[in-house]
Amino acid sequence: MKSLLTILWIGAAGSLLAQGPKGKTPKMAPMLSAGYYVNLKGDTIRGEVQTNPAEEIFFYQKLMFKPKGAGKLAEISDKKAKAYGFDDKHFLLVPFDQQTNVYLRYLTKGRLNFFEYKYAVTEAGQELIKSMYYVQDTKAGEEDKALRELTKISQNFYKKDLKPFMKDQPMLWTDFDKFNFDLPVVVKAIQEFNKMYETN
């Protein structure tokens with residue numbers, strides 16, 4: 001019994017300490033990884049990027065960055081960075097509408113760039129994170145120059161949407177499930193497509 005009371009007391013004390021002064025909820029210590037951002041002039045600035053923001057969608061709007069040396073962690077927005085990355089994640093700034101720029105994450109890069117954008121929505125009183133997907137053909141010929149632009153892929157009709165981009169390699173997309181959007185399968189198919197157009 002005495003040992004149980006000791007455990008309960010230690011647990012309660014730990015809980016109070018974890019809350020910090022005056023019962024405030026503690027903030028998670030930033031976790032940093034080697035990374036970079038590309039400023040609006042095109043210069044690459046190296047340092048560290050915070051990899052554990054409070055919300056996952058933060059990555060699609062801005063980044064927390066610590067320059068090399070004695071610099072402090074600071075927020076970098078679309079006013080300073082047109083691209084950034086850390087670990088195996090790379091993001092590109094694009095106009096989302098007439099007033100907003102957002103960062104899209106590269107899911108794969110090559111002749112076809114395939115991107116993801118995550119955003120928060122509230123459905124039935126519950127906040128959910130959803131994704132939009134975009135594709136772009138960086139080497140489309142003049143007759144297909146519209147494919148050079150970022151094109152949103154519908155998850156309901158993704159096979160039809162991807163067909164113009166992958167029409168030259170039908171064996172990679174004709175077996176896509178017509179009804180179920182399977183992201184890893186789509187990413188793998190686009191990676192295989194890009195390998196066919198790599199130049200050494």
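Only one entry of Gly71, Gly85 meets the criterion of being assigned to a loop (DSSP other than H, G, I, E, B) and of a type in the set (Gly, Ala, Ser), and that entry is Gly71.
So, of the residues in segment 93-118 that are aromatic (Phe, Trp, Tyr) and at pLDDT 95 or above, which turns out to be surrounded by the most Cβ atoms within 10 Å (Cβ to Cβ)? Outline the logic, then answer.
Filtering segment 93-118 for residues aromatic (Phe, Trp, Tyr) gives 96, 103, 106, 114-115, 117.
Then drop every residue that is not at pLDDT 95 or above, which leaves 103, 106, 114-115, 117.
On the way: Tyr103: 24, Tyr106: 17, Phe114: 26, Phe115: 23, Tyr117: 19.
Here the answer is Phe114.
Beta carbons closer than 9 Å, at least 6 apart along the sequence or on distinct chains, pair a first residue in segment 173-200 that is in the same structural domain as Lys163 (by TED's automatic domain parsing) and under 12 Å from Thr108 (Cβ atoms) with a second that is outside any loop (DSSP other than H, G, I, E, B) and of a type in the set (Asp, Glu) for Leu183/Glu116.
The values are calculated or read from the model by the stated rules, or taken from the named source; none is laboratory data. It should be emphasised that the depicted structure is a prediction, and the values quoted were computed from it without experimental measurement. Reconstructed Cβ throughout: ideal geometry from the backbone, glycine too, with neighbour counts over all protein chains shown.
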